[in-house]
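A.B. asks: Provided herewith is a single structure, encoded as structure tokens, for subsequent inquiry.
The values are calculated or read from the model by the stated rules, or taken from the named source; none is laboratory data. Please read all numbers here as calculations on a predicted model, not as lab measurements. FYI the Cβ positions are ideal-geometry reconstructions off the backbone, even for glycines, and counts take in every protein chain you see.
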């Protein structure tokens, strides 16, 4: 195999109760990348389509992630990367993670799969750090493992693959405003009330139990966030209206996707998810703020190979 | 049925990472109670064997719990209660909860089971509040439901039954010192660092996943407590030595049982649990502090009927 084309999906981190540890993988939206072996050694980004991002390897999320796996593997070749960027940077659905995860997944395939998924996540986190300033796996893990994931620990990196209920669908809205990850992190308190933390870890436990037991109503009840949402929702115009519209139209729950501004909702069944999408569109159409929405199955597979030669 | 004799087991609340929400049920140690229908209306405690506790209904944990179910059911009879108390009050293994849970379980049986387990837990919590000053279900729930439980919410009360790995054993040591529940609560901070809270809810999620997947090593990794243990362990002499001895002898993990002073360890297999018990005994024998230890299967059933007539 000398060349591979992959689809690296968007992801939702935090999932209301699981700030910094939970995430799930989307299916409808994602970056496409072509990675090709080259005789010349090193990592070269030859094309970025879609958004204006640095081509210089060490300044690019995908470049830095590619270097991490490349320098570890020390192969007898180089790689060139074409990025067809579909996930808007700063949208809150794992744009930088998709680039970082996709490239390490692809290089691993081209090298004959010497690394496992946890190792790939570790390499991808090096790239993610370029965008967010620190290494986080909460968007990386669902992209590489697929489905729902829980980051048990960062050092050493340990990722748990949670079950994915088969009839679960996500609806996303991305209001076209900018929320910087760093800003979204700075708005959070360093200390939190014990009582709120207890509520949060009870919900994390309940959510994991709900995924294992296919208990959709419990999943909805667990989608609560008393820690982060009260602060970050202020950065997202009409957040509460969107959430209210989603839930009153049958969504199990809604929350901020990653550090926002995207808002996710989860629903049982595609019909409900589509109805939720329409209700959210109605809320946002009135605001005059540009936005887009989409509905997606939870992607249990993660990154996909589109073609190889 | 006019009379019932039951076994109401000791329980372990918190389970390291799950302060105020997680608990599991023991099997070896528990109170016995005889509850009998009487023509005379009302609740009467006729005998308390083992420890010096108030016979007056409204001052007794079991009495208050019994009144709660009794006043709701309004039956055409009364009940008298004999308590054979085996769990030492203040030991940290749910002594007051066992009395409260046992009596409501028994009265429900004598009434023909009109209430479900969540309703029984609600009644028992009224009794528990007499001992601890507030209504908590973290020891009540594992006694009534059996196995591992997670208190999803207190209002309304919602309890999740988690799976119990079949080869899991607990080893308990009760150092004969007094730690008052109120004191153990007051020592805790009202606010906690966000980073510690994240670690805690990652561990709660991991523990629930470990129970669902029979993953004993992961269960051990999840038995961490960065929130409560650093404070409460100071109230328990030689706590760290006990923990170290348990883990170096094969225990998956150790932690404070409830608000202490009892310390629990969990092990895969009874042989390991017994070896852990011996190692802990060796640590404590040297201290000159009185103590007792026991090893128990996790009791998936909860409260048991010993006889009825």
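A.B. asks: What's the number of the only condition in (1) under 30 Å from residue A:223 (Cα atoms); (2) more than 13 Å from every other protein chain (Cβ to nearest Cβ); (3) under 14 Å from the mean Cα position of the chain (by Cα) that residue B:164 fails to meet?
C.D. replies: Only one criterion in (1) under 30 Å from residue A:223 (Cα atoms); (2) more than 13 Å from every other protein chain (Cβ to nearest Cβ); (3) under 14 Å from the mean Cα position of the chain (by Cα) is unmet by residue B:164, namely (3).
A.B. asks: Taking the condition farther than 30 Å from residue A:274 by Cβ and either within 13 Å of chain B (Cβ to nearest Cβ) or buried (at least 23 other Cβ atoms within 10 Å of the Cβ) (or both), does residue A:192 pass?
C.D. replies: When the stated conditions are applied, residue A:192 passes them.
Yes/no per residue for (1) free of Cβ contacts under 8 Å to residues at least 24 places away in the same chain; (2) under 14 Å from the mean Cα position of the chain (by Cα); (3) not assigned by TED's automatic domain parsing to the domain that holds residue B:18:
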position	(1), (2), (3)
B:107	no, no, no
B:116	yes, no, no
B:123	no, no, no
B:133	no, no, no
B:136	no, yes, no
B:141	no, yes, no
B:148	no, yes, no
B:180	no, no, yes
B:191	yes, no, yes
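A.B. asks: Looking at B:100, B:66, B:106 in this structure, which one is out of contact with any helix residue (DSSP H, G or I) (no Cβ under 6 Å at 6 or more places or on another chain), away from chain A (no Cβ under 14 Å), buried (at least 24 other Cβ atoms within 10 Å of the Cβ) and under 23 Å from residue B:29 (Cα atoms)?
C.D. replies: B:106
A.B. asks: Scan region B:268-284 and give yes if some residue there is in the same structural domain as residue B:180 (by TED's automatic domain parsing), part of a loop (DSSP other than H, G, I, E, B), closer than 21 Å to residue B:87 by Cβ and at pLDDT 95 or above, otherwise no.
C.D. replies: Going residue by residue through region B:268-284, those that are in the same structural domain as residue B:180 (by TED's automatic domain parsing) are B:268-284.
Subsequent filtering for residues that are part of a loop (DSSP other than H, G, I, E, B) retains B:269.
Then keep just the ones that are closer than 21 Å to residue B:87 by Cβ; that gives none.
No; the residues of region B:268-284 include none that is in the same structural domain as residue B:180 (by TED's automatic domain parsing), part of a loop (DSSP other than H, G, I, E, B), closer than 21 Å to residue B:87 by Cβ and at pLDDT 95 or above.
A.B. asks: Give A:242, A:276, A:204 a once-over and let me know the one that is in contact with a strand residue (DSSP E or B) (Cβ under 8 Å, 6 or more places away or on another chain), over 29 Å from residue A:160 (Cβ atoms) and surrounded by 22 or more Cβ atoms within 10 Å (Cβ to Cβ).
C.D. replies: A:242
A.B. asks: For region A:61-83, enumerate the residues that are over 23 Å from the mean Cα position of the chain (by Cα) and within 19 Å of residue A:32 (Cα to Cα).
C.D. replies: Narrowing region A:61-83 to residues over 23 Å from the mean Cα position of the chain (by Cα): A:70-80.
Hits for region A:61-83 are A:79, A:80.
A.B. asks: Being part of a helix (DSSP H, G or I) and surrounded by fewer than 18 Cβ atoms within 10 Å (Cβ to Cβ): is that true of residue A:47 here?
C.D. replies: On the way: part of a helix (DSSP H, G or I): no; surrounded by fewer than 18 Cβ atoms within 10 Å (Cβ to Cβ): yes.
In short, no.
A.B. asks: Moving on. Restricting attention to region A:109-121, report how many residues are within 22 Å of residue A:15 (Cβ to Cβ) and touching a helix residue (DSSP H, G or I) at 6+ places or on another chain (Cβ under 8 Å). Explain how you work it out, then say what you get.
C.D. replies: Looking only at region A:109-121, we keep the residues that are within 22 Å of residue A:15 (Cβ to Cβ), and these are A:117-118, A:120-121.
Retained after the next criterion (residues that are touching a helix residue (DSSP H, G or I) at 6+ places or on another chain (Cβ under 8 Å)): A:117, A:120-121.
The number of residues fulfilling the criteria is 3.
A.B. asks: Moving on. If I go through region A:18-44 residue by residue, how many of them are surrounded by fewer than 24 Cβ atoms within 10 Å (Cβ to Cβ), within 14 Å of chain B (Cβ to nearest Cβ) and in a strand (DSSP E or B)?
C.D. replies: Matching residues across region A:18-44 total 0.
A.B. asks: What residue, of A:234, A:274, is away from every other protein chain (no Cβ under 14 Å), out of contact with any helix residue (DSSP H, G or I) (no Cβ under 9 Å at 6 or more places or on another chain) and under 30 Å from residue B:194 (Cβ atoms)?
C.D. replies: On the way: A:274 fails: under 30 Å from residue B:194 (Cβ atoms).
Checking each option against the conditions leaves just A:234.
A.B. asks: Hey, can you tell me all the residues within region A:6-17 that are within 13 Å of chain B (Cβ to nearest Cβ) and touching a strand residue (DSSP E or B) at 6+ places or on another chain (Cβ under 7 Å)?
C.D. replies: A:13, A:14, A:15, A:16
A.B. asks: Quick one: what pairs do we get from region B:40-65, first residue at positive phi and assigned by TED's automatic domain parsing to the domain that holds residue B:137, second surrounded by 14 or more Cβ atoms within 10 Å (Cβ to Cβ) and part of a helix (DSSP H, G or I), C-beta under 9 Å, 6+ apart or different chains?
C.D. replies: B:42/B:57; B:42/B:67; B:42/B:70
A.B. asks: Here's something else I'd like to know. Within the group A:254, A:259, which residue is at pLDDT below 95, buried (at least 22 other Cβ atoms within 10 Å of the Cβ) and closer than 27 Å to residue A:187 by Cα?
C.D. replies: Only one candidate passes the filter, namely A:259.
A.B. asks: For region B:207-219, which positions are crowded, with 21+ Cβ neighbours inside 10 Å and more than 10 Å from chain A (Cβ to nearest Cβ)? Don't jump to the end; show me each part of the working.
C.D. replies: Of the residues in region B:207-219, the ones crowded, with 21+ Cβ neighbours inside 10 Å are B:207-211, B:219.
Result: B:219, single match.
A.B. asks: Name the residues in region B:127-152 that are surrounded by fewer than 24 Cβ atoms within 10 Å (Cβ to Cβ), at negative phi and out of contact with any strand residue (DSSP E or B) (no Cβ under 9 Å at 6 or more places or on another chain), would you?
C.D. replies: Hits for region B:127-152 are B:129, B:130, B:131, B:132, B:134.
A.B. asks: Right, next: Return the residue satisfying two criteria in turn: it lies in region A:299-309 and is outside any strand (DSSP E or B) and touching a helix residue (DSSP H, G or I) at 6+ places or on another chain (Cβ under 9 Å), and of such residues it is nearest to residue A:7 (Cα to Cα).
C.D. replies: Restricting to residues being outside any strand (DSSP E or B) and touching a helix residue (DSSP H, G or I) at 6+ places or on another chain (Cβ under 9 Å), the top hit is A:303.
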